[in-house]
Amino acid sequence: MTIYRHFYVKSHAKTSPDINLKDLPGSAGRLDVLARSVNAAFWLSYGIRKNVVFHTILHGEPNAPVYIRLEGEKLRKVSPDERSIAIFIGKALKKFDEKHEAESTPGIFVARKSFEELLEENKDKKFYLLDENGEDIENVRINNPFFILGDNVDLLPEEKEIALKYGAKAVSIGKKSYLTSHCIAILNWWMDRNEG
Ligand SMILES: C[S@@+](CC[C@H](N)C(=O)[O-])C[C@H]1O[C@@H](n2cnc3c(N)ncnc32)[C@H](O)[C@@H]1O
């Protein structure tokens, strides 16, 4: 039986498709952070992790919130570099439809969705809120995980409240504050080591 790994990263990236690929950290609203997080979630040296589902909600101007999901089992043609990932995020934003979830390219879905709606839809999983001050991951049994992370900015207190309301456990991978993409790489490594 496949054990899926779900990652959610809150993003401040812009929500219109006119992305300047030469300015991902600036006018695109730190889309570089999101692209590196997608890279860390899926890519192995020679292939893609099919058991990963990556969720994000973009909070930038002008059309927030926009929810995007990438499914490892179905992803095609995306390559691991930031530019390619940003192009596919742009394609998703182009296909955004207020009323229905759309599959913009294989394995990439876009819809209007709030953080609370996302947690409600995924409440069959166990939520882990990544937080420097949480319980040391050494002492936590990770099971059917849905990890929740901030981007270059932490989650808002009210978002942490929502996660806690949905039973999230605050988990720490150390006292230092790491980049989101590095946290995801560490989590994947940690689960690889502990699998089976
Ligand atoms: C770059 S950090 C956020 C930066 C910092 N907390 C702030 O707001 O200035 C991005 C995210 O990575 C996760 N994170 C970073 N270091 C962590 C650690 N040591 N343990 C658990 N999660 C961590 C948290 O989810 C955090 O929101």
Point to revise | Those trypsin sites (Lys or Arg not before Pro) in the range 68-142 that DSSP places in a loop and that have at most 12 other beta carbons within 10 Å | key: Arg76, Lys77, Lys99, Lys123, Arg141
**Study point:** Spin-label pair Leu164/Ser177, simplified geometry with 7 Å Cα→Cβ offset, distance in nm
**Key:** 1.9 nm
**Study point:** FRET efficiency, Asp136 to Ser79 (Cβ-Cβ, R0 25 Å, nearest 0.05)
**Key:** 0.10
Point to revise | Of Lys113/Lys165; Lys14/Lys169; Lys50/Lys165; Lys50/Lys94; Lys14/Lys175, pairs whose Cα-Cα distance is over 23 Å | key: Lys14/Lys169; Lys50/Lys165; Lys50/Lys94; Lys14/Lys175
**Study point:** Gain on full stretching of the segment that runs from Ala102 to Ser27 - 0.36 nm per residue minus C-alpha separation
**Key:** 24.5 nm
Exercise for review: For Ser114 paired with Lys91, estimate the spin-label separation in nm (one decimal), with each label point 7 Å from Cα along the Cα-to-Cβ line.
Suggested key: 3.2 nm
Check your understanding: On average over all directions, what projected area in square nanometres does the chain have, based on the convex hull of its Cα atoms?
Key -> 10.7 nm²
Practice item. State, to one decimal in nm, how far the label point of Asn122 lies from the label point of Met191, with both points 7 Å from Cα in the Cβ direction. Key: 1.0 nm
Practice item. Please identify every one of the chymotrypsin sites (Phe, Trp or Tyr not before Pro) in the range 21-69 that sits in a loop by DSSP and has no more than 16 other beta carbons within 10 Å of its own beta carbon. Key: Tyr46
Exercise for review: Determine the relative contact order of the range 19-135: mean sequence separation of Cα pairs under 8 Å and six or more apart, normalised by residue count, in whole percent.
Suggested key: 21 percent
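Values in this text are rule-based calculations from the coordinates and carry no lab data. Being a predicted model, the structure only gives us computed values, none of them experimental. Note that each Cβ is placed from the backbone with ideal geometry, even for glycine, and that neighbours are counted across all protein chains shown.
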